[in-house]
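K.L.:
Sending over a structure as structure tokens; questions will come in a sec.
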Amino acid sequence: MPVDVGGQECMAIGSYDREELTELLEDRQFRKLRETMSEMNEVDIAEFIEELEPEKKVLVYRMLPKELAADVFSFLEVDDQEHIINSITDAEVSKIIEDLFVDDAVDMLEELPATVVKRVMRTAGTETRQLINQFLQYPENSAGSIMTAEYIGLKKYMNVEQAFAYIRAHGVDKETIYTCFVTDGQRRLEGVVTIKDLLMNPYEMKIQDIMDENVIKAVTTEDQEEVVDLFNKYDLMCLPVVDHEERLVGIVTVDDVVDVMEEEATEDIEKMAAMLPSDKPYLKTGIFELAKNRIVWLTVLMISSMITGSILTYYEAAFAALPLLVSFVPMLTGTGGNAGSQSSTTIIRAMTIGDVEPRDILRIVWKEIRVAVVVGVILAGLNFIRLMLQYPGETLVCVTVVVSLMLTIILAKTIGCTLPILAQLLHLDPAIMAAPLISTIVDACSLIVYFQIACHLLAI
């Protein structure tokens with residue numbers, strides 16, 4: 001059954017017989033192969049092309065119907081796009097760039113080598129080239145960089161019948177036709193109307209009488225994460241983007257937002273793992289680039305870990321007096337690091353989805369302290385029973401360990417929930433305050449707490 005995805009009608013995504021397609025290709029049954037692919041979803045066709053040998057990729061791509069070729073091209077990997085562009089004529093390249101939605105064209109050009117970009121831009125029409133250059137000037141990761149210019153613009157003096165006529169005449173090349181935007185003579189955004197609104201009103205009804213003037217919009221320079229937040233908050237399918245003079249310049253559709261969400265999630269995961277973010281797929285990233293992305297934070301964490309060594313050296317006398325104390329260090333530091341990581345991960349996620357704000361810091365700290373007390377009491381109780389059974393007669397040592405454990409957990413959860421908020425207040429990404437860094441800080445703090453308590457209780 002056909003479904004509408006970003007304004008493009010396509011067949012519902014399903015599996016395809018790769019072996020059958022390969023067999024048709026090998027047997028040179030090109031007509032049947034073309035007919036089969038014309039009934040497939042463009043994503044599946046792109047996946048099939050990517051699995052072929054380089055010389056066959058171009059052959060299969062050229063078989064595609066003209067109305068399908070550009071859609072398939074937009075779903076290909078950058079390497080395959082480059083290979084196809086380098087293997088086809090200027091006329092074919094021009095056809096691709098003219099048929100692509102402008103946001104897909106911009107995304108492609110940002111990834112391709114400069115020599116390939118020059119050829120593509122040379123073959124593009126004047127209007128298309130100007131539009132692409134305009135989009136390329138927007139800041140990276142801004143609303144302007146992810147929007148498209150293909151939208152339906154109506155006038156408020158139109159009636160419903162005129163609106164439908166306009167949509168039929170101009171909607172075929174638009175990203176979406178479900179949501180239409182009402183502008184004045186200077187392209188200033190005045191309202192929004194949906195196809196549902198048009199269908200539910202008589203033909204003679206004026207657009208100005210049914211449009212919604214309370215329009216949720218973004219500015220071209222807004223960060224793409226803020227755009228994602230708007231989509232999540234208001235359950236949008238598309239979002240108009242205006243310039244600083246309130247003129248409508250494009251729209252962001254939900255498929256672009258999904259891509260942004262994936263990019264941002266990947267970036268946060270890499271930062272939380274103490275790595276510099278990479279914009280390339282793992283298998284296409286060189287070993288030296290991977291090493292470069294990891295070595296910075298590994299160096300920082302290694303140097304910071306020396307503090308832990310210094311603390312152990314400082315309390316060397318305590319070790320000598322009671323060697324048993326050393327055996328509990330891994331348990332204390334490990335539990336503290338894990339407790340801090342739990343809190344930091346929870347708060348970072350809550351901040352990402354907008355559940356908490358920096359102004360909530362006191363409420364967050366108070367809540368995490370109470371959680372730490374509950375968790376600490378349970379873990380301390382379990383450890384006390386274990387230690388008393390394992391080391392009978394060493395009651396003071398057992399008390400030292402469990403009290404240190406309690407305080408370590410409280411300290412760890414306080415640090416874990418506080419540092420991400422402080423990072424945001426300093427206009428840093430909270431994701432950098434994740435497990436590796438938290439663990440390093442908590443390790444040092446837990447050792448100081450442990451040996452201070454040991455020195456006082458055991459009179460070392």
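The values are calculated or read from the model by the stated rules, or taken from the named source; none is laboratory data. It should be emphasised that the depicted structure is a prediction, and the values quoted were computed from it without experimental measurement. Virtual Cβ from ideal backbone geometry, glycine too; neighbours counted across all protein chains shown.
K.L.:
Among the listed residues L428, L422, identify the single one that is under 30 Å from R294 (Cβ atoms) and either among the charged types (D, E, K, R) or not in a helix (DSSP H, G or I) (or both).
P.N.:
L428
K.L.:
Quick check: anything in region 267-289 at pLDDT 85 or above and either touching an Asp or Glu at 6+ places or on another chain (Cβ under 9 Å) or not in a loop (DSSP other than H, G, I, E, B) (or both)?
P.N.:
yes
K.L.:
Further question: If you scan region 414-438, which residues turn out to be polar (S, T, N, Q) and buried (at least 22 other Cβ atoms within 10 Å of the Cβ)?
P.N.:
Within region 414-438, none qualify.
K.L.:
Tell me whether region 362-371 contains one or more residues that are of a type in the set (D, E) and at pLDDT 90 or above.
P.N.:
yes
Matching residues to (1) within 24 Å of C455 (Cβ to Cβ); (2) under 35 Å from the mean Cα position of the chain (by Cα):
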site	(1), (2)
N338	no, yes
S344	no, yes
I347	no, yes
F384	yes, no
C398	yes, no
I410	yes, yes
T414	yes, yes
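K.L.:
Go through (1) under 30 Å from R386 (Cα atoms); (2) exposed (fewer than 14 other Cβ atoms within 10 Å of the Cβ); (3) under 31 Å from the mean Cα position of the chain (by Cα); (4) not aromatic (F, W, Y) and name the single condition G286 misses.
P.N.:
So the condition that G286 fails would be (1).
K.L.:
Could you list all residues from region 339-359 that are in contact (Cβ under 8 Å) with a residue 40 or more places away in the chain and surrounded by fewer than 16 Cβ atoms within 10 Å (Cβ to Cβ)?
P.N.:
Residues satisfying the conditions are I353, G354, P358.
K.L.:
When region 211-239 is examined, which residues are found to be in a strand (DSSP E or B), acidic (D, E) and either within 20 Å of G191 (Cβ to Cβ) or not assigned by TED's automatic domain parsing to the domain that holds T194 (or both)?
P.N.:
Correct list: D212 only.
K.L.:
Continuing with this model, one more query. In region 107-118, is there at least one residue being over 28 Å from the mean Cα position of the chain (by Cα) and at pLDDT below 90?
P.N.:
Among the residues of region 107-118, at least one is over 28 Å from the mean Cα position of the chain (by Cα) and at pLDDT below 90, which makes the answer yes.
K.L.:
Where residues in region 339-386 are of a type in the set (D, E, K, R) and part of a loop (DSSP other than H, G, I, E, B), which of them is farthest from I432 (Cα to Cα)?
P.N.:
Filtering region 339-386 for residues that are of a type in the set (D, E, K, R) and part of a loop (DSSP other than H, G, I, E, B), the one farthest from I432 (Cα to Cα) comes out as D355.
K.L.:
I've got another one for you. Could you check Y157 against (1) surrounded by fewer than 21 Cβ atoms within 10 Å (Cβ to Cβ); (2) under 21 Å from F181 (Cα atoms); (3) outside the structural domain of D209 (by TED's automatic domain parsing) and say which number it fails?
P.N.:
Every condition holds for Y157 apart from (3).
K.L.:
Follow-up question, since we're still on this one. In region 184-206, how many residues are surrounded by 11 or more Cβ atoms within 10 Å (Cβ to Cβ) and within 19 Å of M237 (Cβ to Cβ)?
P.N.:
Total meeting the criteria: 9.
K.L.:
Would you mind listing the helices (runs of 4 or more DSSP H) fully within region 13-126 where at least 2 residues are touching a residue at least 40 places away in the same chain (Cβ under 8 Å) and closer than 26 Å to E175 by Cβ?
P.N.:
Helices (runs of 4 or more DSSP H) meeting the threshold: 102-111.
K.L.:
While we're here: Could you list, in sequence order, the residues of region 146-170 that are under 20 Å from M237 (Cβ atoms), touching a residue at least 40 places away in the same chain (Cβ under 8 Å) and not aromatic (F, W, Y)?
P.N.:
Residues satisfying the conditions are I146, M147, T148, A149, E150, G153, L154, A163.
K.L.:
When you go through V72, V102 one by one, which is the residue that is at pLDDT 90 or above, touching a Leu at 6+ places or on another chain (Cβ under 7 Å) and of a type in the set (A, V, I, L, M, F, W, C)?
P.N.:
Only one candidate passes the filter, namely V72.
K.L.:
Please go through region 142-173 and give me each residue that is assigned to a loop (DSSP other than H, G, I, E, B) and within 18 Å of V242 (Cβ to Cβ), ordered by number.
P.N.:
Correct list: M147, A149, E150, Y151, I152, K155, K156.
K.L.:
Pull up region 96-118, narrow it to residues that are in contact with a helix residue (DSSP H, G or I) (Cβ under 7 Å, 6 or more places away or on another chain) and of a type in the set (D, E, K, R), then point me to the one that is farthest from D255 (Cα to Cα).
P.N.:
E98
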